[in-house]
Amino acid sequence: MKILVINCGSSSIKYKVFTLASEDVLAKGIVERIGMMGSQLTHVLLTGRNVEKKTIIEKDINDHQAALGLIVGTLLDQEYGVLTSLGDIKAVGHRVVHGGEKFSEAVMVDDHVIKSLRACSDMAPLHNPPNLLGISATQEYFPWARQIAVFDTAFHQKMPQKAYLYGLPYRIYQEYGVRRYGFHGTSHQYVAERAAVLLGQALGDLKIITCHLGNGASIAAVKNGIAVDTSMGFTPLEGLVMGTRSGNVDPAIIPYLMEKEGLSVEEVNTLLNKESGVLGLSGLSSDFRDLIIAEKQGNTRAAMALDVFAYNVVKYIGAYFMIMGGTDALVFTAGVGENSPEMRNQICSYLKFIGVEIDQVKNSVNGKETIISNSRSSYKVLIIPANEELMIAREVKKLL
Ligand code: ADP
């Protein structure tokens, strides 16, 4: 039985086709820079773990609907596809970002679930709408297939109350469910589990700080296998400075700006979610590749944006070090975390004073599970490529 796993991010769709029983990946790919200049699909045909063929299709891709159409066409292609007909796909697993307090486990999607997810969209305006688009588009292409939603919030459900409550009147939590939920849960869980395997220790014995640094970015403190705190909150806007999201700001800035610039609620949401972060700071791009190149060419605003980003990551590392009573390992994952030696160096350079030492040869490796700290380093530092899709495939297997 084959299943398709879809991970609709804010500017990308990642997909993998699995054979359910063996968990073998037959093909995988990513559509990047959706709605931006230079969008493209990278499709990889796999045999076992070996890459058999890699295809890149450069094309204007305006929205997630168009991206999914391109993915389906590619999967059916005679030369580099893996499906003889769409009927080969029996189930589709979806990464869904925000399930509110309603969903703490994966669910089979039906009309009621769709309605509930729509109701949660105002809490994740960048994510739940593309997730829903992904679900409705796959329902059109694969109407017979079971659709299963796997939530980003699930891994963080065991966070203690002192970590998930805000300093607001308690009734706000009771009436509206306003609390920290945390996101990227499947990613934090996966990399923490893999880190334990790489370190040859039981996850239950480890304190790990997992840094998911992509267009959306979050950090989690994983103590003895439990996510005890995380940087994203009620929505995926809180925490780190991100690609286009502001992360933490003084909440008083919001009414101040609304008054000064006459902004509506929607406009201020757009400002914080889509016009801020490293894009807003640099005035150049939300894409870290663009910023790293620009910094090397002497663009001071790009350098400033990267500086602010790294600085904020380090502040959270410090906080999680304290609340866990130390740490055993620091893990980098997601687009920037996996692929940017420059950003990993920038962050780790702050940690020299506690004895963190990076092996520069190992740090030049990208997108591969590697321990990048050297043998003298006081703490282990690892790169673990994100594999949310495998975690989602396992949830699909469980529910089927
Ligand atoms: P999301 O799923 O939130 O869209 P990803 O985890 O796919 O995010 O990460 C996307 C980010 O990763 C982009 O900002 C991109 O610039 C960055 N990225 C990808 N490759 C590199 C690289 N080689 N160096 C620096 N940043 C990179």
Rounded, prolate or oblate: pick one for region 86-214, where a ≥ b ≥ c are the square roots of the eigenvalues of its C-alpha gyration tensor, a/c under 1.5 means rounded, and failing that, prolate if a/b is larger than b/c, else oblate. oblate
Skipping prolines and chain starts, which residues have an amide H placed within reach, meaning under 5 Å, of the one on Leu26, given they are 5 or more residues away or on another chain? Val17, Phe18, Thr19
Nearest 5 is fine: what % of DSSP beta bridges in the chain come out antiparallel, could you say? 70 percent
Run the dipole for the chain about the Cα centre, Lys and Arg Cβ at +1, Asp and Glu Cβ at -1, nothing else charged, and hand back the magnitude in debye, nearest 20. 900 debye
In deg cm²/dmol, rounded to the nearest 500, the helical mean residue ellipticity at 222 nm of the chain, built from -39500 (n - 2.57) for every DSSP H run of length 4 or more, is -11000 deg cm²/dmol
Please identify the longest segment of the chain free of exposed chymotrypsin sites (Phe, Trp or Tyr not before Pro), where exposed means a DSSP state other than H, G, I, E or B and no more than 15 other Cβ atoms within 10 Å. 167-400
With charges only on Cβ, +1 for K and R and -1 for D and E, what is the dipole size of region 103-241 about its Cα centre, in debye, rounded to 20? 340 debye
Under the Karplus relation 6.51 cos²θ - 1.76 cosθ + 1.60, θ = phi - 60°, what is the ordered set of whole-Hz ³J(HN,Hα) values for region 253-267, x standing for Gly and Pro? 5, 5, x, 4, 5, 4, 6, 4, 9, x, 8, 7, 4, 5, 5
May I ask which of Lys223/Lys368; Lys14/Lys53; Lys296/Lys362; Lys54/Lys397; Lys207/Lys315; Lys158/Lys315 have a Cα-Cα span longer than 20 Å here? Lys223/Lys368; Lys296/Lys362; Lys54/Lys397; Lys158/Lys315
If amide H atoms are modeled at 1.01 Å from N in the peptide plane, then the residues at a separation of 5 or more from Tyr379, or on another chain, having amide H under 5 Å from its own are Glu357
Do any GluC sites (Glu not before Pro) in region 1-98 lie in a loop, going by DSSP, with at most 14 other beta-carbon atoms within 10 Å of their beta carbon, and if so which? Glu23, Glu79
Which residues qualify? For Phe183, with a placed amide H closer than 5 Å and at least 5 residues away or on another chain, they are Met232
Provide the per-residue ³J(HN,Hα) series for region 236-246, in order, calculated from phi with Karplus coefficients 6.51, -1.76, 1.60 and θ = phi - 60°, each as a whole number of Hz, with x at glycine and proline positions. x, 8, 6, x, 5, 5, 10, x, 10, 9, 5
Short version: ³J(HN,Hα) in whole Hz for each residue of region 187-195, in order, from phi by Karplus 6.51 cos²θ - 1.76 cosθ + 1.60 (θ = phi - 60°), x for Gly and Pro, what are they? 5, 4, 5, 4, 5, 5, 4, 5, 4
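Read the figures in this text as sums done on the coordinates, not as results from a lab. Bear in mind that the values here come from a model prediction, so they are computed numbers and not experimental data. Neighbour counts are summed over all protein chains in view; Cβ atoms, including those assigned to glycine, are modelled from backbone coordinates with ideal geometry.
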